[in-house]
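These notes concern the structure reproduced below.
Each reported figure results from applying straightforward, stated rules to the coordinates on display, with no laboratory input. Here the structure is a predicted model, which means the values were calculated and not measured. Here the Cβ positions follow ideal geometry from the backbone for every residue, glycine too, while neighbour counts run over all protein chains shown.
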Amino acid sequence: METNPQQFQDKARELQARMVPQLEEAAQNLSDLNTRAINFIRANPGTCLLGAVAVGFLVGKLASRR
Amino acid sequence: MSNYESMSGNGHAEAQGPRVGERVDQLGSSAQQFFTDARGAVHDLGAGLDLKGRVQRNPYGMVAAALGVGYVLGGGLFTPLTARMLRVGVRLAMLPFVKDELMGMAEAAVQGFASASGQGSSSGSESSAV
């Protein structure tokens, strides 16, 4: 079970080749989600602001109860 | 009792009926005026603060500000959670400065070690030459 540095390097390269596309896909998905969220907030500013105030109010109530 | 007596009278009851109706009409028009004024005030406030423009320019910031306003309105300002969040925020804000300091110290240590080893090797070669 000896693993020479060359084998270790090959395994690392293989792992990198497998992981990089997945990471790129995840980054692309996150970027799309961010764009959609920004577009939604820009399209419905009143709803988003009122919802945020309501959520903040609830969190403040919960925090003050403890 | 006096109302009942006045309502029970023949002439008074007829005179009181239209008065109540007028009163209801007046209340209705007052309520309508109030709603119109309130709507106008909200519209003026929105136009003055330029909420839509601010949301267009900085959507996440405005949502965060609205969350903060709600949090304060909910009475969460003077709570342990606020203190904890402030502590975490201060630590996160100090992180870059601490990182720079640590990097400077590490570089100085590496340079000192390198110079010491260089001197040691040169003195070792001198001593070997002697």
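Only residues of segment A:51-66 count here: report those whose backbone N is under 20 Å from the spot 7 Å along Cα→Cβ of residue B:77, or say none. Hits in segment A:51-66 for residue B:77 at 20 Å: A:52-66.
Taking label points 7 Å from Cα along the Cα-to-Cβ direction, residue A:9 and residue B:69 give a separation of 6.0 nm. Computed from the C-beta positions of residue B:56 and residue A:54, the FRET efficiency with R₀ = 30 Å rounds to 0.85.
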